[in-house]
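Structure, as structure tokens:
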Amino acid sequence: MRNVRPYDPNSTAAASAENANAPALFNQRVKKANTSALGKPGIHESAIKHVTGTAKYVDDIPELPGTLHMAAGGSAYAHANILAMDLDEVANSPGVVAVYTYEDVPGELDVAPVFDGDPLLAPGVTQFVGQPIFLVVAETYEQAQQALPLAKVEYEPLPANITLAEGLAGGEKVLPDNVITRGDADAAIASATHQLQGEGYIAGQEHFYLEGQISLAWPTEDGGMHIHTSSQHPTEVQKLVAEVLHIGSHLVTAEVRRMGGGFGGKESQAAVLACSAALAAYHLQRPVKYRLPRRADMERTGKRHDFGFEYRIGFDNEGVIAGIDLTLAGLCGCSADLSQGIVDRALFHADNGYYLNQARVTGLAPRNHIVSNTAFRGFGGPQGMLAIESIIDDVARAVGEDPLTVRKLNLYRPGADTTHYGQTIDQLVLAEIIGSLEQSADYWQRREAINGFNSSNTYLKKGLALTPVKFGISFTSTHLNQGSALVHVYTDGTILVTHGGTEMGQGLYTKIAQLVAAEFGVDSAHVQVSATRTDKIANGSPTAASAGTDLNGFAACNACQEIKGNLIEFAVRHFNVSAEQVVFANNQVSVGEQTISFAELCRVAYMNRVCLMAHGFYKTPKIYFDRATNQGHPFYYFANGAACAEVIIDCLTGEYKVERVDILHDVGRSINPALDIGQIEGGFIQGMGWLTSEDLLWDSQGRVISNSPANYKIPTAFDVPRHFHVGLYEGANPESTVFNSKAVGEPPLMLGIAVWAALRDACASVAEHKFNPRLDAPATPEKVLAAVNAALAFTEEGSSNA
Ligand code: MTE
Ligand code: HPA
Ligand code: MOS
């Protein structure tokens, strides 16, 4: 055979092979990121590409000759009959090539993920402002945008329910009510020493991914479609494009290399863009790109659900819960979309870490005439959790205890370790996590100091809170808990992995490269993770529910095991050793006395006709759930954590600052602590933004008025607390997940609840914690000021009564 110098992914020779004359920085582009060994901190597989601008997103793919651009005309009314639509001027506008309405859809019009209700283009009746009613295709992006206002549409406006209260009063539901019960909540509340009732409102959240929604459709020579899309769910994009075009799924390929953030917003709703672009590409047989301008993205795509809650609770003198009746109503919008799973997950997290005792937890899903709300990091869990955390604070104030004391008393504990939906909590770690954070964050000393500060300051008040998180890991739709991966080992010892998960910045590809590298005992720089494609991996689940690594990482390991099995069997025969004598480590394989490179073993195995590729499959064990009884074991395990936040508020303006945050979070045995800490920091800040500055606003006509970064404020680097300590809880996942790690994507978002609770604590301090003012989320300065004033009014009333 030819004598070829072995490939070394870390050599500068490899880097400059691409472009010998390019400057050094440019050469970084082709040098593979050297993510590190399992369990060690390592950089994101695309980190260098991200910061040098060479990471390609859909809009960076060079346009093929003839590529056209799409824009959609949207409904002017929240709810209306379309009486007439004259699109002649749109069609005659410069550069316009075609205009389509719902009548041009050859196959299925509905592109809903689970239950029907999301037409690609409104067929006569519109359900929200901005709902697409026609599509325009033009030679340029600008020409498509410029044609939109030329449409003449005649509407007959219909009554519209915009707010959650209007939706509930309207009586229409997108899903039936769902009630989880254990025991007799009413009797337990009635016979408890104390009763309390209350309500609250938790507003939604705009995803604000950096890369907006986008899809690019290329017609193929076989009458099919190749879709480049920014989607968390390529398989659903493939399926819906096939249905809309009325062709087989085998003719449609959806491909996702990466997203510039998804956060749940691209789980179901990316498909609308893919199907729209594919519709035009199919009719015109030309490539079509559809990218939403930021404003349209903010107005026309679903957000986190607002939730309203009402409760009655009974408890003893110490604040231990005897019974609770809690109703959670989600602002689903005009259709079901993923709301069933979201409302379910809110109900499943209405306990957070606490034993609710006798419980009735009800979920309502009213219909509104606004865009259909959708998945957002936590998927309803954060809203359920915020409700119970708010209630625990109410109980603590009622019994005159520090909220942390009441939190600790109510934690799941031996003898009280089963959730209201029947799952026993096997790993009771919250007490330990809270205890450890209480120490490291000096909770009680700081409480003392804050009390001192507050009694000597009239206008500035400090607040402190320590709140836990217990988040269930697994899709609550059991069938989605499966993953697939395809591993190719080439004769030079390099490895290509394709799996069902998508990369949205969270580091999934990096972790999978680390896992595969560890299986073969090679550096992760020898492993390339390819774009996710439905022609490589069939019937994939969305990358969601934080389960990307658990599902696809395990599947990849299973594929590696199969290939390793082939290699070992071959080595046993070829080198005449026992299977135990074949050891993969340090890019080498020792076979008995001798050691050869991994590449050499692959080459020799190939020459001896050994298969070096495999498909791996994984399905999560132990999970089941009966929707009829609402009992079961929906989660494989729980991810846990706790955060302690200190804030300072200005009682004259309501303005505030987050002074210090301490976090201890459970990621099991970390595959990559750098990525995990990044997820914890990012998740926490995103959760803090949701509960503080991000204020979604609609006008009375149902128009989103928080429709740009100028009027919707996400946290910036300046909002990161000056003192910000993140620690990883040391403890492996007792379940046999990959590397005994735990999912990390969503749970840390809910650590942000500590900031909200600390703000409410500061407001309550105005009334010496004898009164707990209502503080709806987001706790903007206006709401903090109102809460301060409510606390002041309470104190003044108290003193005038005395
Ligand atoms: N992190 C980044 N950087 N960008 C994202 O879009 N999405 C979150 C979380 N972390 C997201 C992220 C959400 S909503 C989920 S469900 C998980 O990542 C999905 O990825 P995983 O299953 O691989 O953790
Ligand atoms: N979480 C996130 N996304 C989902 C789920 C879930 O539980 N079920 C369906 N899509
Ligand atoms: Mo995440 S909300 O499950 O995409």
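Things to note:
- Computed from label points 7 Å out along Cα-Cβ, the spacing between His246 and Glu580 is 6.5 nm.
- For Met225, the amide hydrogen comes within under 5 Å of the amide hydrogens of Thr220, Val252, Thr253, counting only partners 5 or more places away or on other chains and with H modelled in the peptide plane.
- Relative contact order of the chain, defined on C-alpha pairs under 8 angstrom at six or more residues apart (%): 14
- Each peptide in 631-640, 533-542, 504-513 was scored by the mean count of other Cβ atoms within 10 Å over its residues; highest first, the order is 504-513, 631-640, 533-542.
- Both the radius of gyration and Dmax for segment 38-82 are 20.5, 59 Å, in that order, over alpha-carbon atoms.
- The Kirkwood radius of segment 650-802, taken over pairs of alpha-carbon atoms, gives through the Stokes-Einstein law at 20 °C and 1.002 mPa s a diffusion coefficient of 122 µm² s⁻¹.
- For the chain, the residue among Asn352, Ala757, Ala485 whose Cα projects farthest onto the positive side of the dipole built from Cβ charges is Ala485.
- Formal net charge of residues neighbouring Arg774 (Cβ-Cβ distance under 13 Å; K, R +1; D, E -1): -2
- Cα-based values for segment 275-358, radius of gyration first and Dmax second, are 21.6, 73 Å.
- Distance from segment 690-763 to segment 582-631 (C-alpha centre basis), Å: 37
- The string of couplings for segment 538-544 from the Karplus curve (6.51, -1.76, 1.60, θ = phi - 60°) is 8, 6, x, 8, x, 7, 6 Hz, one whole number per residue in order, with x for Gly and Pro.
- Taking the square roots of 5 times each eigenvalue of the Cα gyration tensor of segment 77-203, largest first, gives ellipsoid semi-axes of 46, 16, 14 Å.
- For segment 294-437, averaging the sequence separation of C-alpha pairs within contact (under 8 Å, six or more residues apart) and dividing by the residue count gives a relative contact order of 26 percent.
- Cα pair distances exceeding 51 angstrom across the chain, given as percent: 18
- Residues listed by number, segment 584-610, amide nitrogen under 11 Å from Glu569 label point at 7 Å toward C-beta: 610
- Top positive-direction residue, dipole computed over segment 385-520 with Cβ charges, set Phe471, Ala398, Ala416: Ala398
- For the chain, a simple Cβ point-charge model (Lys and Arg +1, Asp and Glu -1, everything else neutral) yields a dipole of about 1820 debye relative to the Cα centre.
- Solvent-accessible heavy-atom area per residue, rounded to whole Å², over the chain at 1.4 Å: 38
- A 1.4 Å probe, protein heavy atoms only, puts the accessible area of Leu38 near 40 Å².
- Each residue of segment 84-101 is assigned a 3J(HN,Hα), and the resulting list reads 7, 9, 10, 10, 4, 5, 4, 5, 8, 5, x, x, 6, 9, 7, 9, 10, 10 Hz, derived from the Karplus form 6.51 cos²θ - 1.76 cosθ + 1.60 (θ = phi - 60°), x at Gly and Pro.
- Residues whose placed amide H lies under 5 Å from that of Tyr155, excluding near-sequence neighbours: Leu83
- Ranking Ala449, Ile227, Gly170 by Cα position along the charge dipole of the chain, where only Lys, Arg, Asp and Glu carry charges on their C-beta atoms, puts Ile227 farthest toward the positive end.
- DSSP-defined antiparallel bridges as percent of all bridges, the chain, nearest 5: 80
- Average projection, convex hull of the Cα set of segment 613-656: 8.7 square nanometres.
- Pairwise FRET efficiency - Tyr624 versus Leu496, Cβ, R0 = 45 Å, nearest 0.05: 0.80
- Once the Cα-Cα distance is subtracted from the 0.36 nm per residue extended length, the Glu655 to Arg413 segment shows a gain of 83.2 nm.
- Amide H partners (placed H, <5 Å) of Ile370, local residues excluded: Cys334
- Remark: accessible surface ordering of Phe115, Phe570, Phe554 (largest first) is Phe115, Phe554, Phe570, probe radius 1.4 Å.
- Dimensions in Å of segment 629-679 - Rg and Dmax from alpha carbons: 17.8, 51
- Note on Lys289: lysines with a C-alpha under 18 Å away, same-chain residues under 8 apart excluded, are Lys56, Lys266.
- When the square roots of the Cα gyration tensor eigenvalues are ordered a ≥ b ≥ c, the ratio a/c for segment 495-643 is 1.5 or more and a/b exceeds b/c, which makes its shape prolate.
- The HN-Hα couplings worked out from phi for segment 550-563 by the Karplus form 6.51 cos²θ - 1.76 cosθ + 1.60 (θ = phi - 60°) are 3, 7, 7, x, 5, 4, 5, 4, 4, 5, 4, 4, 5, 5 Hz, whole numbers, x standing for Gly and Pro.
- Gained length - Tyr606 relative to Arg722, 0.36 nm times residue gap less alpha-carbon distance: 36.1 nm
- Span from the segment 75-106 Cα centroid across to the segment 539-581 one, whole angstrom: 52
- The chain, accessible surface, carbon-and-sulfur percent (1.4 angstrom probe): 52
- Each Lys and Arg contributes +1 and each Asp and Glu -1, all at the Cβ; summed about the Cα centre of segment 286-419, the dipole is approximately 1140 debye.
- DSSP assigns beta bridges within segment 483-548; of those with both partners inside it, close to 60 percent run antiparallel.
- Computed on segment 381-464, with alpha-carbon pairs under 8 angstrom and 6+ residues apart, the relative contact order is 13 percent.
- Cα centroid separation, segment 313-354 to segment 183-247: 19 Å.
- Looking at segment 195-320 alone, DSSP beta bridges between its own residues are antiparallel in about 80 percent of cases.
- Spin-label zone in segment 156-172 - amide nitrogen under 19 Å from a point set 7 Å from the Cα of Glu89 along the C-beta vector: 156
The values are calculated or read from the model by the stated rules, or taken from the named source; none is laboratory data. A quick note: this is a predicted structure, and the numbers were derived from the prediction, not measured. Cβ atoms come from the backbone with ideal geometry, glycine included; neighbour counts cover every protein chain shown. The accessibility values were calculated without ligands, DNA or RNA, using every heavy atom of the protein model including side chains. Shrake-Rupley method; radii C 1.70, N 1.55, O 1.52, S 1.80 Å.
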